[in-house]
Each structure stands twice: as structure tokens, then as C-alpha cells.
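Novice: I have a structure here, written as C-alpha cells, and I will follow up with some questions on it.
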Amino acid sequence: MPKENETVPNESSEDKALENASEDFIILNEHLYADKTLKYKALDGVNLEDNALIGLKLSGENNRVKLNVKWEGKSLEQVKSAQKGEYQLAVSSLEDLVINNNNYGKVKFIVKIIIE
């Protein structure tokens, strides 16, 4: 007889928040590096903005308007508490993203974060 939970696949390694998230967009702020990651110093802490400037990952194009966003992911608390490491969080815009007359709708995308 199998033990309870023995046949249940371990889903803790997968982050449900990242499912169906695009990699076509980035958060544009002073922590953005050329490799398209947001880098923070653990000593300075991490402030995940509720209003963020979203741009196209390939070109950096944006509409110069900060949108209300929601941050999600299983490592959200580690990032907020500035624990050193590399993380991926999902960011969802709560409003439609329009860049150069292209309406992308409400976007959800992956942001890579490094805390040193």
C-alpha cells in the first residue's frame, strides 16, 4: 500500500505564478542591468514598486506611463526580505499596456531578479 502523498507529484519546484507568463517585457527602473535582470543589494533592501514602467524586452520601447502592477511568485517573500540569490517573479499589469499604438492588453511577464 503506497504511503499517503507518495504518488502525488511534487509541484513545489514549479511556480504556478510563472505559468503562461511572457518573456517579452521588462520593468524599466534604476535597477535594470544590460542583461535584462533587476539587481539589488541585500543591504539596501528591495522595493517592488506597485507602479512600474513596462517596456519591450528587445527594444526597451515604452509609453513613459507607469502602470499598476501585481508581483507574484513562490519566492516573493524572499525577494521582499532581500535574501541573497537569483529569483524569477511574475508581474501582471492591472491596466492595458499600450506602446506605439499597439494595445497588448493586460500583460503578465517574468522578471529575473538578482539580490547580491
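Novice: For the stretch 19-48, which GluC sites (Glu not before Pro) pass both filters: DSSP loop (anything but H, G, I, E, B) and at most 10 other C-beta atoms within 10 Å?
Specialist: 19, 30
Novice: Could you work out how much longer the chain between residue 95 and residue 44 gets when fully extended? Use 0.36 nm per residue separation minus the Cα distance between them, nm to one decimal.
Specialist: So the extension gain works out to 15.4 nm.
Novice: Additional query: Which entry is the computed Rg and Dmax of the Cα atoms in Å for this structure: (i) 13.7, 43; (ii) 13.2, 39; (iii) 16.3, 61?
Specialist: This structure yields the entry labelled (iii).
Novice: If the chain between residue 106 and residue 81 were fully stretched, how many nm would it gain, using 0.36 nm times the residue separation less the Cα-Cα distance?
Specialist: So the chain would gain 6.2 nm between residue 106 and residue 81.
Novice: Which of 44, 35 has the fewest other C-beta atoms within 10 Å, and how do the rest follow up to the most?
Specialist: Placing the least packed residue first, the sequence is 35, 44.
Novice: At 222 nm, what helix-only mean residue ellipticity would the chain give, in deg cm²/dmol to the nearest 500, using -39500 (n - 2.57) for each DSSP H run of four or more?
Specialist: Value at 222 nm, helices only, nearest 500: -1000 deg cm²/dmol.
Values in this text are rule-based calculations from the coordinates and carry no lab data. Quick caveat, the model's predicted, so the values are computed rather than measured. We place every Cβ from the backbone using ideal geometry, glycine too, and count neighbours over all the protein chains shown.
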